[in-house]
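K.L.:
Before we start, here is the structure in question, set down as structure tokens.
The values are calculated or read from the model by the stated rules, or taken from the named source; none is laboratory data. In this text, all values refer to a predicted model and were calculated from it rather than measured experimentally. A quick note on method: Cβ atoms are made from the backbone with ideal geometry, for glycine too, and the neighbour counts reach across all protein chains shown. SASA here: full protein model, heavy atoms, side chains in, ligands and nucleic acids out. Shrake-Rupley method; radii C 1.70, N 1.55, O 1.52, S 1.80 Å.
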Amino acid sequence: MEDLSRRNFLKGAGVAAGAAASGAALMSLTGCEVTEEGSKYPLVFPESEGYLLVDHIKCCGCLTCMLACSMAHYGVADLSLSRIQIVQSSFDVFPNDIRQYQCRQCEFPVCVMACPSGACHIDEEHGNVRVIDDELCTGCGTCIQACPQQPHRTVWNSKTEKSSKCDLCINTPYLEAEGGPGGTQACVATCPMYAIVFTDEMPDQRGDAGYDLNLRTENAESRDIVEDPEFVDEDYPF
Amino acid sequence: MANGYAGAILRINLSTKAATTIPTSQYEEWLGGAGIGAALFWDLCTDKACDCFDPKNVITIMTGPLCATGTPSTGISIMQGIGSYTYPKTWFTRSCSGGHFGNMIKMAGYDGIVLEGKAANPVWISIIDDKVEIRDATNDTGDMLWGRDAYETQERIYMLMTENHHYPAWLDVANGSTLQRPAVCCIAQSGENLGRNAAITSNGGGSFSQGGFGGVWGSKNLKAIGVIGTGNVEVADPKALLQARIDYKENWGYNIDEPVAGARLPSPGNGDPDWCKIYEPRHLVGCPGCMRPCRQHIANNTVNETHCGASHWYITAREDKAIYGAQDLCDRYAINTNDVSFDDTFKYLLHLYNRGIMGDGKAIDSGDFPWEECDAGTYAGAVAYMEAIAHRTGIGNDIAEGYTRFAVKHGRFDDDTYTGLLCSMNYGIINHHTFTNPTWAMCQLMGDRDLNETSVQAVPTYIEGQTIPQVLDRWVKKMGKYANNDPYMFDVSWQKPDGSNMARAKATGIYSESQARLVAWERYWCYGWMHSLGVFCKTAYGGGHWFGGYGPEFEGFTPNVELGFAKAVLGKDLSLDDVMDIGRKIFMLFRSIYAAQGRVRDDEVFSKFCYRLGDPFLECYEDAGEGALYAAAAREGQSPTRKNMAIYNGSAWELDNNADLFLDWDAFEEWKTKFYKMVGLSETTGRPTRATLDSLGMGKIADGLQAVNRLG
């Protein structure tokens, strides 16, 4: 285990306390007792060395990231198997008409703690990414029930009847480049809107703001098309 | 072998409520999209000369093999069958739509859908993977869809297919789970009422608009199709495909964070706000696999994905609510803006009103219809206009027949297509940029619809920092390599009003063999490449894919990039020539269907105003009102469709404004003869000959034409 600094210990404990306050039933799935002061157990995990950040305002809902994700991992285009998900409706009101949902590589990985078979684990060889070992997964679905996010970021593979989750493209037989932290992620590499980025800095674990943020730059098209009502191109369209 | 195809085509007989499948492999020689759709029509439509509203009419909705694979700009599906729109005969035709429908069809396990027969009562079709249901759409005993607009219908089908599921929770269906909403395409009241300009809407602004298929669906009592697919699409070489997409972004993609100005391609989100010059916070919206999204969701929840011409149909509007709201109405009522408004038609009605020809108690009696509201550009005017067409009330009943039939009914067709006041080009198709671009017009005439299906019609004339001759030289070198190395293909020299320049127009210009070669090339390209291999998005392509819009020096990525994707998906080493050869077969299949419908050479003529002198548009533009976008352009002598035509003088390229362009009847008839001969059609009838069809391995088609005595 690495990176067991006091800072991370405290952060882990803090998250556990917060999670406990928001959902005791959920925490019971992990088998951990939680008190007002924090966990009875040292709920400390090495930080993942990689995270995906998105900008759901910039996202255009083209699903390219999802098609790329399933292609990289399974060699097929399959929206249901994608480990990053876009949810959209033409009839919902901006900005909730398009949302991106990616695995957060949680500091406090409930999916890992919940997994009874050890399939969902921290991959210490690949930057402590939270991953699921397909060989060990029994398909019990506990990790899916345990994921505190809505929608859950662990993904059910109905073809193999096992769980899967974002591994930052560590295990991608159909991705030419090397994946994982420091490598290539299929969704990042293909997104036409540059609405997904990789970072090795742990985002703020509270709420969504650390994971879904403004990735727009200051140039006119990126900034103004989505935000600024002042921009007018006087030369267009003739 | 995994090759991008889902492997089955869903065949639904609405009369018998039977749902079966056809193996796609039986039709793969036609690639996909338009090719397979036309081949299915040929095989399954037992009376190709039937009326569009006859239950014997067969409708196909097809995808291409690259659809739903992540190949850029292939999330398009194409609808075909006998449309209701063209005049005086309703030709077999095509209409494409973006949105999620094509992508979802493939995820459900189908390359397309065939619709036959007619339901006894209004129905809709629910497809959840391999579970297909034909459900009651009526309000008495069914799912209460009939009578609803396109947005209400889609949202209701969301609920019906998911049993009131609340997103963003995962939806479990029999074969899997998904976070995607159903993909729905549906008609609104306009289609239910058999409007000939009725469209089929998918999502907010995706639309099968051209061809009047909305009315055809209405005649079949088909309200909607909803699809949920949780399956997958297998490809030949997934690793190569994924790398191709990564390379594409790197080398050809449009980086919104570092936009490159100076070329002619539309920037992302080139829909309404840019054109209307009104900005609000919004999402850019792309179809599955998109590389350059064109649609938008705006914070005020109007202008929902409306795009391109549909975004500025209400030319008299001044206020935000009217500008935005009018755009939404088109999609909500599923009406083809190309007919009811595009460029010239709405102005035509305002002209009739302002000149006292139409109104309460006038020669064209429109009763109490509030034309003054339309003229003033109020939102109430837009609502009244669209509702009248959708519900076919009052004067709207006539407009719902299409502008051409409207003019015929009111005795104005001959006069108004002579003056050009009614810009009905050929087959009753409303002018787009058609006449002023001869290639555009000729391709449309030899086909069945507006040429905005493709992109080669648009010659690039602007790249920042380069002179026009430089740009055109580069264009011809790039295109010439693939298009017969004939620079005169792009020379649109025409005869001047005083009769001069006719020799050049015939030798190298619009009446030349070079022009015939370009039209043939474009037809094969359109039917084979754009509409069958892809089906590719015309908007994202926008012409710049060949040259002028993508990559270093705007060199363009076609054809090698698409062929790379095709190899990864299909596992075949296709060349451009291979696809063009298939395109020629598909073109000849379309021509065979037209022939079976009864088309002859004499049908292939333009309206009278195309053969006379002058710019008939200006009068209409003036009537559009102070400040209207096109009116302003017209007043400045810059009619937007009449400029920048490429002329090759034998040694160099130049541009010339063709405001004085018109066709010479005899010269154009001579050109038609050249074209028919060149592509293998009978010079006397314009129909495919036995020799041509046999040489293409289409003997079965020839036999079919011979059986109805319509072989060329």
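K.L.:
Looking at B:ASP603, is it without any contact (Cβ under 8 Å) to a residue 12 or more places away in the chain and open to solvent by 20 Å² or more (accessible area, probe 1.4 Å)?
P.N.:
no
K.L.:
Taking the stretch B:386-410, which residues are touching a residue at least 40 places away in the same chain (Cβ under 8 Å) and out of contact with any strand residue (DSSP E or B) (no Cβ under 8 Å at 6 or more places or on another chain)?
P.N.:
Correct list: B:GLU387, B:HIS391, B:ARG392, B:ILE399, B:GLU401, B:GLY402, B:ARG405, B:VAL408.
K.L.:
Report, by residue number, each residue of the stretch A:139-166 that is in contact with a Leu (Cβ under 9 Å, 6 or more places away or on another chain), away from chain B (no Cβ under 11 Å) and closer than 19 Å to B:PRO168 by Cα.
P.N.:
A:GLN145, A:ALA146, A:PRO148, A:SER164, A:CYS166
K.L.:
Another question about this same structure. Out of all the residues in the stretch B:53-85, which are away from every other protein chain (no Cβ under 14 Å), within 16 Å of the chain's Cα centre (by Cα) and open to solvent by 10 Å² or more (accessible area, probe 1.4 Å)?
P.N.:
If the condition is that a residue be away from every other protein chain (no Cβ under 14 Å), within 16 Å of the chain's Cα centre (by Cα) and open to solvent by 10 Å² or more (accessible area, probe 1.4 Å), then B:TYR85 is the only one that fits.
K.L.:
Right, next: Suppose we filter the stretch B:122-153 for residues that are open to solvent by less than 20 Å² (accessible area, probe 1.4 Å), within 15 Å of B:ILE187 (Cα to Cα) and among the acidic types (Asp, Glu); how many remain?
P.N.:
Residues flagged as open to solvent by less than 20 Å² (accessible area, probe 1.4 Å), within 15 Å of B:ILE187 (Cα to Cα) and among the acidic types (Asp, Glu) within the stretch B:122-153 amount to 1.
K.L.:
Something else now. Considering only residues that are of a type in the set (Gly, Ala, Ser) and touching a Ser or Thr at 6+ places or on another chain (Cβ under 7 Å), which ones fall in the stretch B:210-253?
P.N.:
B:GLY211, B:GLY212, B:GLY214, B:GLY215, B:ALA224, B:GLY226
K.L.:
Applying the selection to the stretch A:59-70, what residues are in a loop (DSSP other than H, G, I, E, B) and either surrounded by fewer than 24 Cβ atoms within 10 Å (Cβ to Cβ) or within 7 Å of chain B (Cβ to nearest Cβ) (or both)?
P.N.:
Selection gives A:CYS60, A:GLY61, A:CYS62, A:LEU63.
K.L.:
If you scan the stretch A:184-213, which residues turn out to be surrounded by fewer than 18 Cβ atoms within 10 Å (Cβ to Cβ), not in a strand (DSSP E or B) and not basic (Lys, Arg)?
P.N.:
Scanning the stretch A:184-213 gives A:ASP200, A:GLU201, A:ASP204, A:GLN205, A:GLY207, A:ASP208, A:ALA209, A:GLY210, A:LEU213.
K.L.:
Now for a different question. Output the qualifying pairs, or none if there are none: Cβ atoms under 8 angstrom, residues six or more apart or on different chains, first residue in the stretch B:225-251 and more than 7 Å from every other protein chain (Cβ to nearest Cβ) and under 20 Å from A:THR172 (Cα atoms), second residue open to solvent by 40 Å² or more (accessible area, probe 1.4 Å) and outside any loop (DSSP other than H, G, I, E, B).
P.N.:
B:ALA236/B:LYS567; B:ASP237/B:LYS567; B:ALA240/B:LYS567
K.L.:
Restricting to the stretch B:379-406, give me the number of residues that are under 19 Å from B:LYS362 (Cα atoms) and at pLDDT below 95.
P.N.:
So the count comes out to 1.
K.L.:
Take the residues in the stretch A:167-183 that are touching a residue at least 40 places away in the same chain (Cβ under 8 Å), away from chain B (no Cβ under 11 Å) and of a type outside the set (A, V, I, L, M, F, W, C); name whichever of them is most open to solvent (accessible area, probe 1.4 Å).
P.N.:
A:ASN171
K.L.:
Still on this structure, I have one more. Considering only the stretch A:71-91, state which residues are more than 7 Å from every other protein chain (Cβ to nearest Cβ) and not in a loop (DSSP other than H, G, I, E, B).
P.N.:
A:HIS73, A:TYR74, A:ILE86, A:GLN88
K.L.:
Continuing with the same structure: Among the candidates B:ALA119, B:ALA39, single out the residue that is under 20 Å from B:ILE582 (Cα atoms) and open to solvent by less than 10 Å² (accessible area, probe 1.4 Å).
P.N.:
B:ALA39
K.L.:
Could you check, for the stretch B:149-158, whether at least one of its residues is on the phi < 0 side of the Ramachandran plot and away from chain A (no Cβ under 12 Å)?
P.N.:
No; the residues of the stretch B:149-158 include none that is on the phi < 0 side of the Ramachandran plot and away from chain A (no Cβ under 12 Å).
Residues checked against (1) assigned to a helix (DSSP H, G or I); (2) in contact (Cβ under 8 Å) with a residue 24 or more places away in the chain; (3) within 28 Å of the chain's Cα centre (by Cα); (4) farther than 26 Å from B:ASP498 by Cα:
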residue	(1), (2), (3), (4)
B:LEU661	no, yes, yes, no
B:TRP671	yes, yes, yes, no
B:GLY686	no, yes, yes, yes
B:LEU693	yes, yes, yes, yes
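K.L.:
Working only within the stretch B:381-396, note down all residues that are out of contact with any Gly (no Cβ under 6 Å at 6 or more places or on another chain) and open to solvent by less than 60 Å² (accessible area, probe 1.4 Å).
P.N.:
Once the filter is applied, which keeps residues that are out of contact with any Gly (no Cβ under 6 Å at 6 or more places or on another chain) and open to solvent by less than 60 Å² (accessible area, probe 1.4 Å), the stretch B:381-396 yields B:GLY381, B:ALA382, B:VAL383, B:ALA384, B:TYR385, B:MET386, B:ALA390, B:ARG392, B:ILE395, B:GLY396.
K.L.:
Taking helices (runs of 4 or more DSSP H) that do not extend beyond the stretch B:384-449, which have at least 1 residues that are under 21 Å from the mean Cα position of the chain (by Cα)?
P.N.:
Output list reads B:396-399, B:403-409, B:438-446.
K.L.:
Suppose we filter the stretch B:184-224 for residues that are under 21 Å from B:ALA108 (Cα atoms) and more than 14 Å from chain A (Cβ to nearest Cβ); how many remain?
P.N.:
5
K.L.:
Can I ask one more? When you scan the stretch B:264-317, how many residues do you find that are part of a helix (DSSP H, G or I) and either open to solvent by 30 Å² or more (accessible area, probe 1.4 Å) or modelled with pLDDT of 80 or more (or both)?
P.N.:
3
K.L.:
What is the residue count in the stretch B:20-34 for residues that are surrounded by fewer than 15 Cβ atoms within 10 Å (Cβ to Cβ) and part of a strand (DSSP E or B)?
P.N.:
Count: 2.
K.L.:
Those residues that are touching a Leu at 6+ places or on another chain (Cβ under 9 Å), in a loop (DSSP other than H, G, I, E, B) and over 19 Å from B:ALA441 (Cβ atoms), I need them from the stretch B:503-558; list them, please.
P.N.:
Once the filter is applied, which keeps residues that are touching a Leu at 6+ places or on another chain (Cβ under 9 Å), in a loop (DSSP other than H, G, I, E, B) and over 19 Å from B:ALA441 (Cβ atoms), the stretch B:503-558 yields B:VAL535, B:PHE536, B:GLY542, B:GLY544, B:HIS545, B:GLY548, B:GLY549, B:TYR550, B:THR558.
K.L.:
Here is a further query. Can you tell me which residue is modelled with the lowest pLDDT among those in the stretch B:457-488 that are open to solvent by 60 Å² or more (accessible area, probe 1.4 Å) and in a loop (DSSP other than H, G, I, E, B)?
P.N.:
Among those residues, the one meeting the criterion is B:TYR462.
K.L.:
Same structure again: Looking at the structure I just gave you, is A:THR138 modelled with pLDDT of 95 or more, surrounded by 15 or more Cβ atoms within 10 Å (Cβ to Cβ) and polar (S, T, N, Q)?
P.N.:
no
Yes/no per residue for (1) at pLDDT 50 or above; (2) in a loop (DSSP other than H, G, I, E, B):
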| position | (1), (2) |
| --- | --- |
| B:GLU619 | no, no |
| B:GLU626 | no, yes |
| B:ARG642 | yes, yes |
| B:GLY697 | yes, yes |
